[in-house]
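The values are calculated or read from the model by the stated rules, or taken from the named source; none is laboratory data. This is a predicted model, so every value here is computed, not measured. Cβ sites come from the backbone with ideal geometry, for glycine too, and all protein chains shown count toward neighbours.
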Amino acid sequence: MTNERVYLSTTIPYVNARAHLGHALELVQADVLARHHRLAGDQVRSQTGTDDNSLKNVLAAEAEGIAVAALVDRNASAFAALRDPLSLSFDDFIRTGSDPRHRPGVERLWRACAASGDLYRKQYEGLYCVGCEQFYRPAELPDGLCPEHGTRPERVAEENWFFRLSRYAGQLHDLISSGRLRIEPAARRNEVLGFIAGGLEDFSASRSTARARGWGIPVPGDPDQVIYVWWDALGNYITAPGYGTGGEDYERWWTGADRRIHLVGKGVLRFHAVYWPAILLSAGEPLPTDILVHDYLTIGGSKISKSGAVAGNETADPVELVHRYGTDAVRWWLLREVPRVGDVDFTAARLTARANDDLANGLGNLVSRVVTLVHRYRQGKVPRPDERPAAAADGRALATACERAPGRVAEGLADFDFRAATAAVWDIVDEANRYVERAEPWLLARAERAGDLAAGRRLDESLALLVDACSELASRLTPFLPNLAGRIRAALDDSAGQLPAAEPVFPRLEAGIGAAV
Ligand SMILES: [Zn+2]
């Protein structure tokens, strides 16, 4: 197996309000992929950050009556602080407003596109949604309202810089339809191809400094205009590794990486799969290799919005959810219940039910049972028989589940299918629990006490197989639930000559405590 150099990024949310569970979804998905690739021996760079230069930040600060920089600092810090509660392992966190690597890179990207003849000035009038930070064509607005926000876009007329997107329609179509720029799931790829087939219009790549309230990066050589916030934000993927500041990292992690993977929500697909690759083509830089698209979480059927991270009794604040239910339960719900395609409704009751069924009952009981059996029948010493019962009929299904898990996890994650990947891990849990029932170690122990040496050997073999399966489970679970995996490893640690006393690796959660607060 050849090791790859993999650069993974999440989108960078604008920070006009605090983080919600939808952000946690993308961060946790990226974290699983990063941990998975690291365990596979790949070199990994995983990046997230915040979009500080959005006009929405300016409007939010005005509404609160505080300085924009103060609002951005406060909220960006809250995003960075998700790292510990969610057990994230990102390598870099870029803040577009204050990171010294960012502005020189955005300016270089602008100059490179200008040198290609792709930036020109034009008088323009259009319908602009500040929520989306984009212009819409009237045909794209059902009842005249933004499809994302349900708000009425404002009419904007000004002279802006335009990017010659129309020039790249053919190349983008070829790159995406050939899979050289891979978009998963396929339905999202087809959506992008349909959008390109509908004709690409040049887009406004700047706005007047007055309309931007002076916030943002000025257009090089034209201080009356600031660079369009999406251009600025998309640039983060290359400015952080040093596109504008030099050094080896840009070569190492962008131009020289085997995989450049962007995780994005469906609402910003067009920016990542059309605008961004076109800008890179114009600038003569390599494109991302993969764009992995997730759908939305909802509460009560509505998209979780940052302004309302609470709906009824439900909170969608990831830090609060971790505080109530723990990191493992929150990560597990996001990974196990969110489908590859389709929105999913969040409730605390679903989160606790899933955690109790899977982590407390299925997995937690298994580990406790195995540790208890080793203590009861072998004084806590893990038997190391020469033979494993894998070859025997009753242990085969469990051994097979363990053998197949690594490949199935890798396949699932390559398809951006976290449910399939976690299902492969869960087969080990299910088969191990079935195996205990079939092998009946308590009967083997009774026969051994009555003098049956063959039964004693089979008991050794059974316990060894179960301990091996739990170890395998901990390994496979590591990218998904690193904390719980660590507790399973600790429960199976016999380096002191015997296993520690059995303790629950995942205590049951109180059902419904989410609704009480
Ligand atoms: Zn909108």
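Taken together, the criteria exclude residue 126 from residues that are at positive phi and out of contact with any Asp or Glu (no Cβ under 7 Å at 6 or more places or on another chain).
If I filter the stretch 148-165 for residues that are among the polar types (S, T, N, Q), crowded, with 18+ Cβ neighbours inside 10 Å and either touching a residue at least 40 places away in the same chain (Cβ under 8 Å) or not in a loop (DSSP other than H, G, I, E, B) (or both), do I get at least one hit? There is at least one residue in the stretch 148-165 that is among the polar types (S, T, N, Q), crowded, with 18+ Cβ neighbours inside 10 Å and either touching a residue at least 40 places away in the same chain (Cβ under 8 Å) or not in a loop (DSSP other than H, G, I, E, B) (or both). For the stretch 108-131, taking the residues that are within 22 Å of residue 16 (Cβ to Cβ) and without any contact (Cβ under 8 Å) to a residue 40 or more places away in the chain, the one that is nearest to the ligand (Cβ to nearest atom) is identified as 129. Whenever a residue of the stretch 2-27 is in contact (Cβ under 8 Å) with a residue 12 or more places away in the chain and farther than 11 Å from residue 264 by Cα, its partners that are of a type in the set (D, E, K, R) and part of a loop (DSSP other than H, G, I, E, B), lying with C-beta atoms within less than 6 angstrom and at least six residues away or across chains, give the pairs 3/42; 4/42; 4/258; 5/258; 6/42; 17/306; 20/306. As a summary of the residue check, residue 265 satisfies the conditions (1) at pLDDT 95 or above; (2) small (Gly, Ala, Ser); (3) within 25 Å of residue 3 (Cα to Cα) except for the one numbered (3).
Can you find a residue that is surrounded by fewer than 23 Cβ atoms within 10 Å (Cβ to Cβ), of a type outside the set (A, V, I, L, M, F, W, C) and under 26 Å from residue 190 (Cα atoms) anywhere in the stretch 239-258? Yes, the stretch 239-258 contains a residue that is surrounded by fewer than 23 Cβ atoms within 10 Å (Cβ to Cβ), of a type outside the set (A, V, I, L, M, F, W, C) and under 26 Å from residue 190 (Cα atoms). When the stretch 475-505 is limited to residues that are small (Gly, Ala, Ser) and assigned to a helix (DSSP H, G or I), the one that is surrounded by the fewest Cβ atoms within 10 Å (Cβ to Cβ) turns out to be 490. All conditions in (1) surrounded by fewer than 16 Cβ atoms within 10 Å (Cβ to Cβ); (2) away from the ligand (no atom under 16 Å from the Cβ); (3) part of a helix (DSSP H, G or I) hold for residue 143, with the sole exception of (2). Could you tell me whether residue 98 is over 21 Å from residue 20 (Cβ atoms), of a type in the set (Ser, Thr, Tyr) and in contact (Cβ under 8 Å) with a residue 12 or more places away in the chain? Spelling it out, residue 98 is indeed over 21 Å from residue 20 (Cβ atoms), of a type in the set (Ser, Thr, Tyr) and in contact (Cβ under 8 Å) with a residue 12 or more places away in the chain. In this structure, does residue 215 turn out to be closer than 24 Å to residue 94 by Cβ and in a loop (DSSP other than H, G, I, E, B)? Yes, satisfied. Taken together, 409, 330, 371 contain a single residue that is buried (at least 22 other Cβ atoms within 10 Å of the Cβ) and in contact with a Cys (Cβ under 9 Å, 6 or more places away or on another chain), which is 371.
Report whether or not residue 226 is of a type in the set (Val, Ile, Thr), modelled with pLDDT of 95 or more, assigned to a strand (DSSP E or B) and within 22 Å of the chain's Cα centre (by Cα). Criteria not met by residue 226.
Candidates in the stretch 281-325 are the residues that are among the acidic types (Asp, Glu) and more than 28 Å from residue 185 (Cα to Cα); of these, the one that is modelled with the lowest pLDDT is 314. Only residues that are out of contact with any strand residue (DSSP E or B) (no Cβ under 9 Å at 6 or more places or on another chain) and within 16 Å of the ligand (Cβ to nearest atom) were counted in the stretch 146-194, giving 1.
Scoring residue 136 on the criteria (1) more than 16 Å from the ligand (Cβ to nearest atom); (2) surrounded by fewer than 19 Cβ atoms within 10 Å (Cβ to Cβ) leaves a single failure, condition (1).
Considering only the stretch 31-77, state which residues are of a type in the set (D, E, K, R), part of a strand (DSSP E or B) and either more than 23 Å from the chain's Cα centre (by Cα) or modelled with pLDDT of 95 or more (or both).
Residue satisfying the conditions is 45 alone.
The set of residues in the stretch 81-95 being within 15 Å of residue 26 (Cβ to Cβ) and surrounded by fewer than 17 Cβ atoms within 10 Å (Cβ to Cβ) consists of 83, 89.
In the set 77, 87, which member is among the polar types (S, T, N, Q), free of Cβ contacts under 8 Å to residues at least 24 places away in the same chain and farther than 21 Å from residue 129 by Cα?
Exactly one of 77, 87 is among the polar types (S, T, N, Q), free of Cβ contacts under 8 Å to residues at least 24 places away in the same chain and farther than 21 Å from residue 129 by Cα, namely 77.
Counting only helices (runs of 4 or more DSSP H) that fall entirely inside the stretch 260-378 and contain at least 1 residues that are in contact (Cβ under 8 Å) with a residue 12 or more places away in the chain, under 22 Å from residue 487 (Cβ atoms) and under 20 Å from the mean Cα position of the chain (by Cα), the qualifying elements are 318-325, 327-337, 348-354.
For the structure I just gave you, tell me whether residue 406 is outside any helix (DSSP H, G or I) and either among the charged types (D, E, K, R) or within 29 Å of residue 184 (Cα to Cα) (or both).
no
Where residues in the stretch 431-474 are acidic (Asp, Glu) and over 20 Å from residue 403 (Cα atoms), which of them is surrounded by the most Cβ atoms within 10 Å (Cβ to Cβ)? So the residue we want is 460. Sub-8 Å Cβ pairs linking a first residue in the stretch 188-200 that is closer than 13 Å to residue 174 by Cα to a second residue that is β-branched (Val, Ile, Thr) and modelled with pLDDT of 95 or more, at least 6 apart or interchain, are 189/176; 189/183; 192/176; 192/183; 192/274; 193/176; 196/176; 196/274, ordered by first then second residue. Filtered by the rule that a residue be touching a helix residue (DSSP H, G or I) at 6+ places or on another chain (Cβ under 7 Å), more than 10 Å from residue 394 (Cα to Cα) and among the small types (Gly, Ala, Ser), the stretch 432-450 gives 432, 445, 447. Taking the conditions exactly as written (farther than 18 Å from residue 271 by Cβ, in contact with a Gly (Cβ under 8 Å, 6 or more places away or on another chain) and within 16 Å of the ligand (Cβ to nearest atom)), does residue 101 satisfy them or not? It is false that residue 101 is farther than 18 Å from residue 271 by Cβ, in contact with a Gly (Cβ under 8 Å, 6 or more places away or on another chain) and within 16 Å of the ligand (Cβ to nearest atom).
With the structure loaded, tell me whether residue 209 is at negative phi, surrounded by fewer than 22 Cβ atoms within 10 Å (Cβ to Cβ), within 16 Å of the ligand (Cβ to nearest atom) and β-branched (Val, Ile, Thr) or whether it fails that test. First the steps, then the outcome.
Details: at negative phi: yes; surrounded by fewer than 22 Cβ atoms within 10 Å (Cβ to Cβ): yes; within 16 Å of the ligand (Cβ to nearest atom): no; β-branched (Val, Ile, Thr): yes.
No: the conditions fail for residue 209.
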